[in-house]
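The values are calculated or read from the model by the stated rules, or taken from the named source; none is laboratory data. Bear in mind the structure is a predicted one, so any value in this text is a computation, not a measurement. Every residue, glycine among them, receives a Cβ derived from its backbone with ideal geometry; neighbour counts consider all protein chains shown.
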Number of protein chains: 4
Amino acid sequence: MNSFGSIFRVTIWGESHGASVGVSIDGVPAGIKLSAEDFAEDLARRASGRRGTTPRHEPDQPQIVSGVYEGRTTGAPLTVLFENTNTRSGDYSNLVRQPRPSHADLVAQRKFAGANDPRGGGHFSGRLTLGLVAAGVVAKRVIENSEFAFTTRIAEIGGCADESRFDEVIEAAMREGDSVGGVVECRVDNMAVGLGEPFFDSAESTIAHLLFSVPAVKGVEFGAGFEVAKRRGSENNDLIINANGATATNNDGGINGGITNGNQLVVRVAVKPTASISSPQMTYDFEQNQITELQIKGRHDACIALRAAVVIESAVAIALADLWLRHRSRH
Amino acid sequence: MNSFGSIFRVTIWGESHGASVGVSIDGVPAGIKLSAEDFAEDLARRASGRRGTTPRHEPDQPQIVSGVYEGRTTGAPLTVLFENTNTRSGDYSNLVRQPRPSHADLVAQRKFAGANDPRGGGHFSGRLTLGLVAAGVVAKRVIENSEFAFTTRIAEIGGCADESRFDEVIEAAMREGDSVGGVVECRVDNMAVGLGEPFFDSAESTIAHLLFSVPAVKGVEFGAGFEVAKRRGSENNDLIINANGATATNNDGGINGGITNGNQLVVRVAVKPTASISSPQMTYDFEQNQITELQIKGRHDACIALRAAVVIESAVAIALADLWLRHRSRH
Amino acid sequence: MNSFGSIFRVTIWGESHGASVGVSIDGVPAGIKLSAEDFAEDLARRASGRRGTTPRHEPDQPQIVSGVYEGRTTGAPLTVLFENTNTRSGDYSNLVRQPRPSHADLVAQRKFAGANDPRGGGHFSGRLTLGLVAAGVVAKRVIENSEFAFTTRIAEIGGCADESRFDEVIEAAMREGDSVGGVVECRVDNMAVGLGEPFFDSAESTIAHLLFSVPAVKGVEFGAGFEVAKRRGSENNDLIINANGATATNNDGGINGGITNGNQLVVRVAVKPTASISSPQMTYDFEQNQITELQIKGRHDACIALRAAVVIESAVAIALADLWLRHRSRH
Amino acid sequence: MNSFGSIFRVTIWGESHGASVGVSIDGVPAGIKLSAEDFAEDLARRASGRRGTTPRHEPDQPQIVSGVYEGRTTGAPLTVLFENTNTRSGDYSNLVRQPRPSHADLVAQRKFAGANDPRGGGHFSGRLTLGLVAAGVVAKRVIENSEFAFTTRIAEIGGCADESRFDEVIEAAMREGDSVGGVVECRVDNMAVGLGEPFFDSAESTIAHLLFSVPAVKGVEFGAGFEVAKRRGSENNDLIINANGATATNNDGGINGGITNGNQLVVRVAVKPTASISSPQMTYDFEQNQITELQIKGRHDACIALRAAVVIESAVAIALADLWLRHRSRH
């Protein structure tokens, strides 16, 4: 479904080379200050020209077409559009003939019986995440007075956890026409206690649902994550040290029983290396009915994790905004 | 929210020491053969007396109270109840005074302003997963004709990946009044192509949402999972080798762009060590307003991952049933 | 779907002659006083032995099986069960052969490919409304502090609007083995301003959705209702007479633009005459493949509107509880 | 909420004088032929210059910005935009000061704490129904192969049921600066059997939910509707006359137990007289804190029922498309 959320409800649409991509957000409280400029910082993080990111530079000007009046949210659905100005009218029939490995080309054809828009990945394009980032900006405003503070960083690239060497790792991949994966870590301070709805809408469920909708995400873990499998309970348990519920360690990543406990929220996300690489690969050729070599043209990110970071932060913010409004409705 | 799913919709309720726990399932196609006996195998896996699991043996007799008539599903909501026969009327006020580390005791109190049922974890008890397992049995029937085949195993316990040594690892923890974490892996063969709804209800999003509602789950990864962060695209890409879309490797775990590609579905889940351990721990005492020692009484699993395995498999089955019915509605 | 609501979410299940019927309610705020006795009054209204209602007297003892602890709601899903103690193991094959006119017998078979439970109407039985009434009781508690006050009455029976003559009208129908329709009117005083969510979840949409799920309801109107079609704007407009938004007339029934305006909420519901009448009727016989005479046995209400009144009030209360919690989440 | 539907899910946004109004539709099966021209007929019915409708003529050019590629639906969300080209930058502060009787002016302010967009009714404007009509066109395509056939007519205007006199009735109202209400009737032939989901999503519930989201609708009835209240069961029951379930009469309007029975679907909708009339009315003046005379300027429909007819038909089509796709998922 192209919508997510119970109260703060986000609906997304568009294709990479269609007229526009956009997002409509329901349940935004009225009276919040908001202007097109407020989107600039996070959109710049997403579009960043930092080494390793795609050189495709679109203005990505957000157009607020509904839900804001005289600089404040109206309470009605808030819709933000982005025109697709930099599309190229190229020939995409080769993607139908030679679907790219580890890409959505083939499943998109199969799911939609060949009627999908194949240009630039169509609805499966990373360009759709513009809407997520826009919704994330609004989400942050919604939860602002709760003082949630987001810190998002690249924790690992290509197995290297030393930030000072990330550029080097990425450049090495680029030189070889290759790409490289990474881990994005998002931490949220000043968390509210009590977010998360039992049974199915645990804080982890809600956040992970949104994170796994971000293209290229293949793993999500909270707190100590997969490390917990190696541990004893006596090492993993987070001892409560004061009446606020602060804990000595934070292996649970700020969530117990699916409910936020007020400690720092910690989530880590595995982002796979960009599937589109410029070095030649083998794939099945549906015209020749045999395995053939594929040469992907065009410009692609060597490390999509870099640009995905703000998208991941936005997804976390959206989930928290919805959980926060739901929690508030009970009190 | 206590419901999940768009068409195959599962609603769950109950508390560990209340009258009963149960599940109601909407959207079950009519005419499927089903009897109380069909639940026996998966319920036994969940209740298993295998070493390392809790000695609390309840009959866990499923009562089908609606939705089945003369041995077949009616198409109306299908409800299964489990009476809580083995509850103990003990004193749980100590959990309010001394909340257990890494447990839901404290957040449950905070979220529900002290009105929560604290007995045996209340609504946060693992006992609620009886309903998930029951729904999983129905889900498997729903998707049966698609021939999906589930294989679920413990992939790791306490850092050890050698199945022959699992008992040893668990026993060592038990001897020290401790518990140990694990990784559960679920694989599904004979997958249908095209399950998953863009943008927000990707196959990964839907499956992970359900998995993170299972108590003690702290990480979910598909295919190569967090390994992808260490890789180049050229090693991680799954080359398509025939017209059915079969791939030479399966780093994507059978999912591209959020849509199943027909290859084996592979998901791994990190299960933390049981938070309730019998060796003493420190926690905050809300009566004495200081950190004190806590001694947890009662019987607890040393490795909850063992019993969680079938719950995890059930969660995957439920997600696939919903995705399958949704997909079918389009064609 | 067997669930309704965004925050105050009601899930219902059961068949007339199955083990039990029940309701599970999600989103109930924690700490509300509630006991089984609180259901007695509205259940009695539903089961009422008043002339014209069915003589089938079941104890209808509500069993709260989850969500209440020590006399207060816990915040976890609240489930209420009713055992079906008075079921008769009769032969219902005749309903399959000779579906009752204006009843669900035939559509139930067609929709569920003959696998439906035909006994006593199965899932289509009025007995399912026990769950609605139970949920209505909880809903009234949820919105209690807003002081909403419900007044529900029979406005019309068989075309007669004079309450003193209702018994006479019903008796006349009973004497002839017939039934008679009616109009139920529900008014709510002390309404909050602002309930209703644009665009699709207007107050009217939400309330009407629930009302049309009540068996036998064929029409719903707010305020002046169908009368508005006969009027000029100058007669129909409700002039605002003070700063609270009170109006001189109330043709809009307390709702403008789908949002409650604080004036009395007024909704009227058309309830058709019970389809099951004891006088003979013609219907199609699927065994003889021809039209034959049908003689319905058993006990049936001569005027189902009488017992439907509290069900209708409950539906309105449930809708208002959900709208109220949603509205509150915004502020 | 600004979305409706389980599978065929419609999301709507916009304000009368904002940049644009629009609709995004999820769950559209892939491969359906669709172009901007296909919207022309129904949009023309909505915009009709027929006597009694507003003279405001906007081009209302639909822009399909996503979900269609090379003339066919892609299966991805289908979004249609309408630019608001004819907006006037007038002064709307008077609506805040002197809210129009029976309009959303006052509730919009109250609900959204004064942050709502008051221009032209903002989100409460009838202009939002452009999106409904666009979605209705897509819905009709979705259910086309089921051969549902819609016939929509004005059944009554100002108490007059004689179509030949409608113009006369409307002109009389116009001459006096007044407006007049009406009844719109929508009939659907070639209905499928089995649409509608018990318990809460009965066919009536789903259709009525959408109809009551249309501005000015105050009543909805199916089949004999409110007439049933006056009747005996023996006159109201629809006798089944053949193996297809055809009935001799159609008092149930093609729906039994909330499920379509294959007979003609009949629904009637009460549309109130336009609240905005040009003759003077009294209202509360929030600046002068007293009741004052209000003179509404601008152009308004004398009988909004005329233009509402196609909107009502669209709402029915959307509901049927969702019910149809849900039903199909079960088989």
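Which one of these does B:Ile277 not meet: (1) among the aliphatic types (A, V, I, L, M); (2) outside any helix (DSSP H, G or I); (3) surrounded by fewer than 24 Cβ atoms within 10 Å (Cβ to Cβ)?
Unmet condition: (3).
Can you name the condition, by its number, that C:Ile207 falls short on among (1) part of a strand (DSSP E or B); (2) under 26 Å from D:Thr206 (Cα atoms)?
(1)
Name the single residue that is nearest to the other protein chains (Cβ to nearest Cβ) among those in the stretch A:76-104 being modelled with pLDDT of 95 or more and in contact with a Pro (Cβ under 7 Å, 6 or more places away or on another chain).
A:Ala76
Looking at (1) away from chain C (no Cβ under 11 Å); (2) at pLDDT below 95; (3) touching a helix residue (DSSP H, G or I) at 6+ places or on another chain (Cβ under 8 Å); (4) surrounded by fewer than 24 Cβ atoms within 10 Å (Cβ to Cβ), can you tell me which one D:Asn145 breaks?
Status for D:Asn145: all satisfied but (3).
Is there a residue in the stretch C:295-304 that is buried (at least 24 other Cβ atoms within 10 Å of the Cβ), of a type outside the set (Asp, Glu), in contact with a strand residue (DSSP E or B) (Cβ under 6 Å, 6 or more places away or on another chain) and assigned to a loop (DSSP other than H, G, I, E, B)?
Yes, some residue in the stretch C:295-304 is buried (at least 24 other Cβ atoms within 10 Å of the Cβ), of a type outside the set (Asp, Glu), in contact with a strand residue (DSSP E or B) (Cβ under 6 Å, 6 or more places away or on another chain) and assigned to a loop (DSSP other than H, G, I, E, B).
When the stretch A:183-216 is examined, which residues are found to be within 7 Å of chain B (Cβ to nearest Cβ), crowded, with 22+ Cβ neighbours inside 10 Å and β-branched (Val, Ile, Thr)?
A:Val183
Would you call B:Ala308 of a type in the set (A, V, I, L, M), away from chain A (no Cβ under 11 Å), over 17 Å from B:Leu95 (Cβ atoms) and within 14 Å of the chain's Cα centre (by Cα)?
Values: of a type in the set (A, V, I, L, M): yes; away from chain A (no Cβ under 11 Å): yes; over 17 Å from B:Leu95 (Cβ atoms): yes; within 14 Å of the chain's Cα centre (by Cα): yes.
Yes, satisfied.
Pick from the stretch D:235-274 the residues that are surrounded by fewer than 24 Cβ atoms within 10 Å (Cβ to Cβ) and of a type in the set (A, V, I, L, M): which of them is farthest from the other protein chains (Cβ to nearest Cβ)?
Looking at the filtered set, the residue picked out is D:Val266.
Residue check: is D:Phe222 in contact with a strand residue (DSSP E or B) (Cβ under 6 Å, 6 or more places away or on another chain), surrounded by 24 or more Cβ atoms within 10 Å (Cβ to Cβ), modelled with pLDDT of 95 or more and among the hydrophobic types (A, V, I, L, M, F, W, C)? Explain how you work it out, then say what you get.
Numbers: in contact with a strand residue (DSSP E or B) (Cβ under 6 Å, 6 or more places away or on another chain): yes; surrounded by 24 or more Cβ atoms within 10 Å (Cβ to Cβ): yes; modelled with pLDDT of 95 or more: yes; among the hydrophobic types (A, V, I, L, M, F, W, C): yes.
So D:Phe222 fits the description; yes.
Which members of the stretch C:280-294 meet the condition of being more than 7 Å from chain D (Cβ to nearest Cβ) and surrounded by fewer than 18 Cβ atoms within 10 Å (Cβ to Cβ)? Spell out the reasoning first.
The first filter runs over the stretch C:280-294 and keeps only residues more than 7 Å from chain D (Cβ to nearest Cβ), leaving C:280, C:285, C:287-288, C:290, C:292-294.
Once the filter is applied, which keeps residues that are more than 7 Å from chain D (Cβ to nearest Cβ) and surrounded by fewer than 18 Cβ atoms within 10 Å (Cβ to Cβ), the stretch C:280-294 yields C:Pro280, C:Glu287, C:Gln288, C:Gln290, C:Thr292, C:Glu293.
Are any residues in the stretch D:11-31 facing another protein chain (nearest Cβ under 8 Å) and either closer than 27 Å to B:Arg326 by Cβ or of a type in the set (Ser, Thr, Tyr) (or both), and if so, which ones? Talk me through it step by step, then tell me what you get.
The initial filter retains those residues of the stretch D:11-31 that are facing another protein chain (nearest Cβ under 8 Å), namely D:11-15, D:18-22, D:24, D:26-27, D:29-31.
Within the stretch D:11-31, D:Thr11, D:Ile12, D:Trp13, D:Ser20, D:Gly22, D:Ser24, D:Asp26, D:Gly27, D:Pro29, D:Ala30, D:Gly31 qualify.
What pairs can you find where one residue is in the stretch D:188-203 and assigned to a loop (DSSP other than H, G, I, E, B), the other is charged (D, E, K, R), and their Cβ atoms are less than 7 Å apart, with a gap of 6+ or different chains?
Every condition considered, the pairs that remain are D:Asn190/D:Glu147; D:Gly194/C:Arg110; D:Gly194/C:Lys111.
Going through the stretch C:152-177 one residue at a time, which ones are surrounded by 21 or more Cβ atoms within 10 Å (Cβ to Cβ), at negative phi and not β-branched (Val, Ile, Thr)?
Selection gives C:Glu156, C:Phe166, C:Ala173.
Inside the stretch C:219-265, can you point out the residues that are in contact (Cβ under 8 Å) with a residue 60 or more places away in the chain and outside any loop (DSSP other than H, G, I, E, B)?
Matches in the stretch C:219-265: C:Ile259, C:Thr260, C:Asn261, C:Leu265.
Sort out which residues of the stretch D:8-59 are under 26 Å from D:Ala208 (Cα atoms), modelled with pLDDT of 95 or more and of a type in the set (Val, Ile, Thr), and write them in order of number.
D:Val10, D:Thr11, D:Ile12, D:Val21, D:Val23, D:Ile25, D:Val28
Exactly one condition in (1) facing another protein chain (nearest Cβ under 7 Å); (2) crowded, with 24+ Cβ neighbours inside 10 Å is false for D:Ala115; which is it?
Every listed condition holds for D:Ala115 apart from (2).
Pairs under 7 Å by beta carbon, first residue more than 20 Å from D:Ala309 (Cα to Cα) in the stretch D:30-49, partner among the charged types (D, E, K, R) and assigned to a helix (DSSP H, G or I), six or more apart or different chains?
Within 7 Å, the pairs are D:Ile32/D:Arg141; D:Leu34/D:Arg141.
Quick one: B:Val310 ticks every box in (1) in a loop (DSSP other than H, G, I, E, B); (2) surrounded by 24 or more Cβ atoms within 10 Å (Cβ to Cβ); (3) of a type outside the set (S, T, N, Q) except a single one, so which number is it?
The failed condition is (1).
Residues that are outside any helix (DSSP H, G or I) and aromatic (Phe, Trp, Tyr): does the stretch B:156-177 have at least one? Working first, answer last.
Step one: filter the stretch B:156-177 for residues outside any helix (DSSP H, G or I), giving B:156-162, B:176-177.
Going one step further and asking which of them are aromatic (Phe, Trp, Tyr), we end up with none.
No, the stretch B:156-177 contains no residue that is outside any helix (DSSP H, G or I) and aromatic (Phe, Trp, Tyr).
If C:Arg110 passes every condition in (1) at the interface with chain D (Cβ under 8 Å from one of its Cβ atoms); (2) closer than 30 Å to A:Pro77 by Cβ; (3) surrounded by fewer than 22 Cβ atoms within 10 Å (Cβ to Cβ) but one, which one does it miss?
Of the numbered conditions (1) at the interface with chain D (Cβ under 8 Å from one of its Cβ atoms); (2) closer than 30 Å to A:Pro77 by Cβ; (3) surrounded by fewer than 22 Cβ atoms within 10 Å (Cβ to Cβ), the odd one out for C:Arg110 is (2).
Would you mind stating whether C:Ala317 is part of a helix (DSSP H, G or I) and either within 18 Å of the chain's Cα centre (by Cα) or charged (D, E, K, R) (or both)?
Values: part of a helix (DSSP H, G or I): yes; either within 18 Å of the chain's Cα centre (by Cα) or charged (D, E, K, R) (or both): yes.
Yes; evaluated as a whole, the condition is true for this residue.
Does B:Ala104 satisfy the condition of being crowded, with 24+ Cβ neighbours inside 10 Å, touching a His at 6+ places or on another chain (Cβ under 7 Å) and not charged (D, E, K, R)? Please lay out each step first, then the result.
Working: crowded, with 24+ Cβ neighbours inside 10 Å: yes; touching a His at 6+ places or on another chain (Cβ under 7 Å): no; not charged (D, E, K, R): yes.
So B:Ala104 fails the test.
Quickly run through the stretch B:218-252 and pick out the residues that are under 21 Å from A:Gly177 (Cβ atoms) and charged (D, E, K, R).
The answer is B:Lys230, B:Arg231, B:Arg232, B:Glu235, B:Asp238, B:Asp252.
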